[in-house]
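Every read-out reported here was derived from the displayed coordinates using simple, explicitly stated rules and does not represent laboratory data. Since the model is a prediction, treat every value here as computed from it, not as a measurement. Every residue, glycine among them, receives a Cβ derived from its backbone with ideal geometry; neighbour counts consider all protein chains shown.
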Amino acid sequence: MYIVTGATGFIGSAVVWQLNQAGITNIAACDTISTEDRPRALASYQYEKFFGKKELLEWLATETPKITGIVHMGASSSTTVTDEEFLKENNVEYTQKLFDYCRQHGGTFIYASSASVYGDGDLGFDDTDPTDKFVPMHAYGRSKKNFDVWAMAEDKTPENWFGLRFFNVFGPNEYYKADMLSVPYKALQQIQEKGSVKLFKSNHPDYKDGEQKRDFVYVKDITRWILELLQNPDSAKSGIYNMGYGTARTWKDLAYALFKSVDKEPNIEWIEIPDKLKDQYQNFTEAKMTKWFDEGLSEPQWPLEKSIEDYVKNYLLESDLYLGEDSK
């Protein structure tokens with residue numbers, strides 16, 4: 001049995017799809033938001049059980065099922081949440097309970113960390129550096145750092161465990177993220193509605209407008225890597241790994257790829273960064289992927305232009321926006 005938390009959310013539902021693609025259907029899906037409230041999220045996928053968060057923990061405590069792997073994507077991912085106690089319970093303590101289950105009863109444990117642990121990036125993006133040295137810029141990042149630090153300090157751990165520091169993930173199934181929707185999704189809506197895209201002006205002298213950089217990574221690379229770890233958990237040492245493409249690209253690169261995907265000439269409208277974001281804005285992110293590749297794990301397969309074309313033409317411009325049987 002596999003457990004996927006956050007299963008009616010973005011990466012969680014995509015993980016269920018990826019497991020199904022590999023012929024795996026003995027899945028217990030879990031989320032704080034039910035399938036009734038998000039009926040489309042798992043409608044095309046096969047799984048055996050669905051639990052709320054409390055129900056899942058009760059099931060594990062009373063039934064102690066044999067678990068092959070837990071993929072824990074269930075956490076608050078909003079960078080604007082300021083309730084530290086909520087984030088402690090939801091992003092740290094909940095993750096600790098699932099980590100503890102795998103170390104007591106077996107099973108690979110994979111959880112979502114975040115590149116926000118690295119803060120403004122001045123100290124780099126190296127997953128081999130001690131997590132303690134980094135200074136996240138918001139409460140969400142601090143919650144992810146706190147669990148990473150806790151896990152690395154534990155003497156007894158699951159036999160195989162992996163914390164994945166996601167960079168700028170985008171792609172099919174992200175449609176429930178509200179304000180946290182990816183820029184590719186939001187930008188395409190702008191192109192379709194107004195024929196132009198709004199991008200932030202630079203607020204840093206080292207970067208021209210639109211030349212701020214991000215490490216954009218397609219969700220299909222993320223889920224493929226997660227499957228790789230589940231199927232071959234001994235192929236990599238337990239620990240924390242960056243999950244990005246490994247190459248920073250500019251916002252202009254992204255915008256040009258989007259316009260090309262719908263056969264339109266680029267038309268960019270420059271806007272000021274909102275005051276509430278200025279202190280949290282990262283001008284550069286780039287996953288250092290050396291540790292991942294040194295373990296012999298696979299390289300990404302979806303560069304920016306290829307992933308944008310796939311996302312736009314095979315999902316956003318189609319009647320079915322979700323990963324399905326025909327998705328590759």
**Q.** Within the chain, percent of DSSP bridges classed antiparallel, to nearest 5
**A.** 5 percent
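Based on the mean of other beta carbon atoms within 10 Å per residue, what is the order of 123-129, 243-249, most packed first?
Numbers: 123-129: 16.0, 243-249: 21.1.
Ranking, from highest mean packing down: 243-249, 123-129.
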Q: First check a/c for the stretch 64-135, with a ≥ b ≥ c the square roots of the eigenvalues of its C-alpha gyration tensor; if it is under 1.5, answer rounded, and if not, answer prolate when a/b is larger than b/c or oblate otherwise.
A: oblate
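How compact is the stretch 154-249 by the rule of thumb for globular proteins, expressed as Cα Rg over 2.2 N^0.38 Å? Don't skip to the answer; put the middle values down first.
Values: Rg = 17.5 Å, N = 96, 2.2 N^0.38 = 12.5 Å.
Relative to the 2.2 N^0.38 Å estimate, the stretch 154-249 comes out at 1.41.
Kirkwood Rh over alpha-carbon pairs of the stretch 169-328, then Stokes-Einstein at 25 °C and 0.890 mPa s: what D in µm² s⁻¹, rounded to an integer? Before the final figure, lay out the partial values.
On the way: Rh = 17.1 Å.
Value of D from the Cα-based Kirkwood radius: 144 µm²/s.
Too long at a 25 Å Cα-Cα cut-off: which of LYS252/LYS328; LYS145/LYS186; LYS177/LYS252; LYS252/LYS306; LYS144/LYS313; LYS88/LYS328?
On the way: LYS252/LYS328 27 Å; LYS145/LYS186 28 Å; LYS177/LYS252 23 Å; LYS252/LYS306 16 Å; LYS144/LYS313 34 Å; LYS88/LYS328 37 Å.
Going by Cα-Cα distance, LYS252/LYS328; LYS145/LYS186; LYS144/LYS313; LYS88/LYS328 fall outside the 25 Å limit.
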**Q.** Three-way shape call for the stretch 152-209 based on the alpha-carbon gyration tensor, with the a/c threshold at 1.5
**A.** oblate
**Q.** For the stretch 190-236, alpha-carbon Rg relative to the globular expectation (2.2 N^0.38 Å, N residues)
**A.** 1.93
Q) Tell me, TYR281, TYR118 in order of fewest to most beta-carbon neighbours within 10 Å? A) TYR281, TYR118
